[in-house]
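The values are calculated or read from the model by the stated rules, or taken from the named source; none is laboratory data. All values derive from a computational prediction rather than experimental measurement. Positions of Cβ are generated from backbone atoms using ideal geometry, with glycine treated the same way; all protein chains shown enter the neighbour counts. Note: accessible area is taken over every heavy atom of the protein model, side chains too, but ligands, DNA and RNA are not part of it. Shrake-Rupley method; radii C 1.70, N 1.55, O 1.52, S 1.80 Å.
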Amino acid sequence: MTKLRKAFSNLMKKIQSGKFVLTGELEPVKTTDLSSVIAEAKSLRGYVTACNVTDNPSSYAAVASLVSAHVVQKEAGMETIYQIRCADRNRIALTSDLLGAAVLGIKNVLTLTGDHTLLGDMPNAKPVFDLDATLLTGMVRRMVDEGKDLNGNDIEGPRPQFNIGVAANPNADPIEPEILKVVRKVENGADFVQTQVCYDIDKTIEFLKMFRMFSVPVLVGIFPMRSYGVAAEFDKFVPGVKVPKELLDKFKQVKQQSISKAEKREKYDRINIKFFAPFIKELKKSGLCAGCHIMSVHYVEIIPKLLAEAKIKKAAQKISPLAVASSPSS
Amino acid sequence: MIITTQKPLEEIMRTLQSYSNIMIVGCGTCATAVQTGGEPQVREMADKLRGKWFVDTVVVEAPCDERIARKDWREIQRQGRGKNIDAFLCLMCGAGVQTLAEIAELPCIPGLNTHFLGKVERIGLYYERCRACGNCHLGETAGICPVTRCAKGLMNGPCGGMIDGKCEVGGYVRDCAWFLIWQRLKKFGRMDLFRKVRPPREFGLEAYPRGIDAIPSHRIGRETTVMGPEETEKYIVKAIKEKAKQVKNAKSQDAPVVK
Ligand code: SF4
Ligand code: SF4
């Protein structure tokens, strides 16, 4: 049993209040211009409580996640979950970035091991992996609880105020080593879990059941896909997850039809809603998870439709959400 | 076993261009076992190079063992064979090449590429097994090395990239090391070891050219000296003092000060 830890972030507060929580995902790319990320964050306001900001996803070098997370919080008024991976930084760099995050008022950190550097766009980079997600979680825990770094050296000033998230993959097969590993992360200090994208409701529920005894809130990852291209690419390139064949086939059929773009959009949307709305409803009904992590990057317009269909109330936020219709075309 | 393979012949010939008298040196240990630097390979290489170069051959039992290499080199010289040689072509691992170079003080051309410390399944099938991390964890990981066999060298795996027991690196063909560790620990009834959080690795142990000096009197002044922080500090302080003395002397002699 993990004791209820202090909630520093709005996300953690909301999770602890027992509400069904939604988080979103922002994926800054190799750019010096964050305006589209800011716009996307703005359009997610009112629907999600916080947004993950990815860190060199799939080992493709992108604009710093810490900088992006800070800019999003400042410019879009959206709380962020700052992702930080071990693939590119040793314990010194991780510590200094985390101290920087504390200075900038980041409240959620998601610790990741990270995809291997060989999978990215600079495959000859030196893979770091000085720590792994479990050890990084423990390191952040110590910073927060004791005001000390990994080696026990004192950190000056107020202690960092982070709620720590970790990743899990309910699709893993066999599932046992994955569960045991996530348990290690929880025991090492995680506050909440966000899962990899899930498609199989039975498998997901089973995972959540196995996990219940650790009473750590879990946000289940879902991924409404904008088009066949997105689905196929995800299926092919994201390690650890496969898009169900029926779903992929349905997307493919739409792509092959000779109909207008708008009609295609409509059909894609409908497939997503038909698949994911019952999925979310079922999850909510099970009472086993704290909410959903919606990873539909560049596909914000699906979220209100999906939530309406799944009968999820909008997230109450102080800042009034921008009209979704005016969300940026990305 | 140290796993080596032969360099392309063209590369070897290109490197040898500026020399005329070559001694091909084989290794009687690892390179003999993996058939890259044994008697037959040395002979074969000699046949290929003869005509263009004057060639002599020898196989040293363990060229990486300074004691043996020195003894053999002395014997070769005693026989009068070493006189005209202007380069060694070494069919051995990099450790052997360097040991030889220190002893003979002659150009040593590597004829092999050194790959890793591994197991030999049969000739041509070699698998890396140890990265010589300096702190062996095998006792806790069911005899499977996570440092070497996990693509990320993770101490607390598996990572999210494991699918069906395979690793994300290389397209899910290779076994995930942590999957193997889990399987075997389960068989041993030692899930406690799997559940354990292993501390961060001590990269300080392998962060510089390593050496082990078992004899304390040999420590100072040897390139293999392992200096602790205190010794390092003393060494630096001594060096600074000496430098200061030099500068002072130079000044007192009214010579221009070199900074
Ligand atoms: S843990 Fe692995 S790399 Fe380290 S000494 Fe043992 S086998 Fe070698
Ligand atoms: S899949 Fe397994 S072997 Fe590959 S990097 Fe992850 S933990 Fe290591």
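Selection within region A:145-161: residues that are open to solvent by less than 60 Å² (accessible area, probe 1.4 Å) and within 14 Å of chain B (Cβ to nearest Cβ). The member of this set that is farthest from A:Tyr82 (Cα to Cα) is A:Gly152.
Taken together, the criteria place A:Ala290 among residues that are buried (at least 20 other Cβ atoms within 10 Å of the Cβ), among the aliphatic types (A, V, I, L, M) and in contact with a Pro (Cβ under 7 Å, 6 or more places away or on another chain).
Checking the conditions here, which among B:Leu117, B:Leu100, B:Leu91 is closer than 15 Å to B:Cys64 by Cα and within 16 Å of ligand 1 (Cβ to nearest atom)? Talk me through it step by step, then tell me what you get.
Details: B:Leu100 fails: within 16 Å of ligand 1 (Cβ to nearest atom); B:Leu91 fails: within 16 Å of ligand 1 (Cβ to nearest atom).
After ruling out the rest, the residue left standing is B:Leu117.
Looking at (1) within 14 Å of ligand 2 (Cβ to nearest atom); (2) more than 14 Å from chain A (Cβ to nearest Cβ); (3) more than 19 Å from the chain's Cα centre (by Cα); (4) not polar (S, T, N, Q), which is the only condition B:Ile144 fails? Status for B:Ile144: all satisfied but (2). Scanning region A:132-144 for residues that are within 11 Å of chain B (Cβ to nearest Cβ) and out of contact with any Leu (no Cβ under 7 Å at 6 or more places or on another chain), we see that the one that is surrounded by the fewest Cβ atoms within 10 Å (Cβ to Cβ) is A:Gly138. Going residue by residue through region A:6-26, is there one that turns out to be assigned to a loop (DSSP other than H, G, I, E, B) and within 27 Å of B:Glu168 (Cα to Cα)? Looking for residues that are assigned to a loop (DSSP other than H, G, I, E, B) and within 27 Å of B:Glu168 (Cα to Cα), one finds none in region A:6-26, hence no.
The lone criterion from (1) over 19 Å from A:Leu99 (Cα atoms); (2) within 14 Å of another protein chain (Cβ to nearest Cβ) left unmet by A:Asp121 is number (2). Within region B:153-183, how many residues are surrounded by 24 or more Cβ atoms within 10 Å (Cβ to Cβ), modelled with pLDDT under 95 and either in contact with a Ser or Thr (Cβ under 6 Å, 6 or more places away or on another chain) or more than 9 Å from chain A (Cβ to nearest Cβ) (or both)? The total comes to 1.
Regarding B:Arg129, is this residue more than 7 Å from chain A (Cβ to nearest Cβ), in contact with a Ser or Thr (Cβ under 7 Å, 6 or more places away or on another chain) and within 19 Å of B:Met1 (Cα to Cα)? Against the criterion (more than 7 Å from chain A (Cβ to nearest Cβ), in contact with a Ser or Thr (Cβ under 7 Å, 6 or more places away or on another chain) and within 19 Å of B:Met1 (Cα to Cα)), B:Arg129 qualifies. Inspect all residues belonging to region A:290-297 and state whether any of them is under 20 Å from the mean Cα position of the chain (by Cα), among the hydrophobic types (A, V, I, L, M, F, W, C) and modelled with pLDDT under 90. Yes; the residues of region A:290-297 include at least one that is under 20 Å from the mean Cα position of the chain (by Cα), among the hydrophobic types (A, V, I, L, M, F, W, C) and modelled with pLDDT under 90.
Scanning region A:207-242 for residues that are in contact (Cβ under 8 Å) with a residue 12 or more places away in the chain and either within 12 Å of chain B (Cβ to nearest Cβ) or acidic (Asp, Glu) (or both) yields A:Gly221, A:Asp235, A:Phe237, A:Val238, A:Pro239, A:Gly240, A:Val241, A:Lys242.
Within region B:191-205, being within 8 Å of chain A (Cβ to nearest Cβ), free of Cβ contacts under 8 Å to residues at least 40 places away in the same chain and over 28 Å from the mean Cα position of the chain (by Cα) holds for B:Met191, B:Phe194, B:Arg195. Restricting attention to region A:162-202, the residues that are among the small types (Gly, Ala, Ser) and facing chain B (nearest Cβ under 10 Å) total 3. I'd like to know if region A:79-88 contains one or more residues that are at pLDDT 95 or above, open to solvent by 30 Å² or more (accessible area, probe 1.4 Å) and within 14 Å of chain B (Cβ to nearest Cβ). Yes, there is a match, as at least one residue in region A:79-88 is at pLDDT 95 or above, open to solvent by 30 Å² or more (accessible area, probe 1.4 Å) and within 14 Å of chain B (Cβ to nearest Cβ).
Table: residues versus (1) within 25 Å of A:Asp88 (Cβ to Cβ); (2) near ligand 2 (Cβ under 9 Å from one of its atoms).
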{"residue": "B:Arg81", "(1), (2)": "no, no"}
{"residue": "B:Cys90", "(1), (2)": "no, no"}
{"residue": "B:Gln98", "(1), (2)": "no, no"}
{"residue": "B:Thr114", "(1), (2)": "no, no"}
{"residue": "B:Ile123", "(1), (2)": "no, no"}
{"residue": "B:Glu128", "(1), (2)": "yes, no"}
{"residue": "B:Thr148", "(1), (2)": "yes, no"}
{"residue": "B:Ile163", "(1), (2)": "yes, yes"}
{"residue": "B:Trp182", "(1), (2)": "no, no"}
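For region A:92-108, the tally of residues that are assigned to a helix (DSSP H, G or I), within 23 Å of A:Met78 (Cβ to Cβ) and open to solvent by less than 10 Å² (accessible area, probe 1.4 Å) stands at 2.
Screening A:Arg184 with (1) open to solvent by 10 Å² or more (accessible area, probe 1.4 Å); (2) closer than 23 Å to B:Val169 by Cβ gives one miss only, at (1). In this structure, does B:Arg131 turn out to be open to solvent by 70 Å² or more (accessible area, probe 1.4 Å) and either under 26 Å from the mean Cα position of the chain (by Cα) or within 14 Å of ligand 1 (Cβ to nearest atom) (or both)? Against the criterion (open to solvent by 70 Å² or more (accessible area, probe 1.4 Å) and either under 26 Å from the mean Cα position of the chain (by Cα) or within 14 Å of ligand 1 (Cβ to nearest atom) (or both)), B:Arg131 qualifies.
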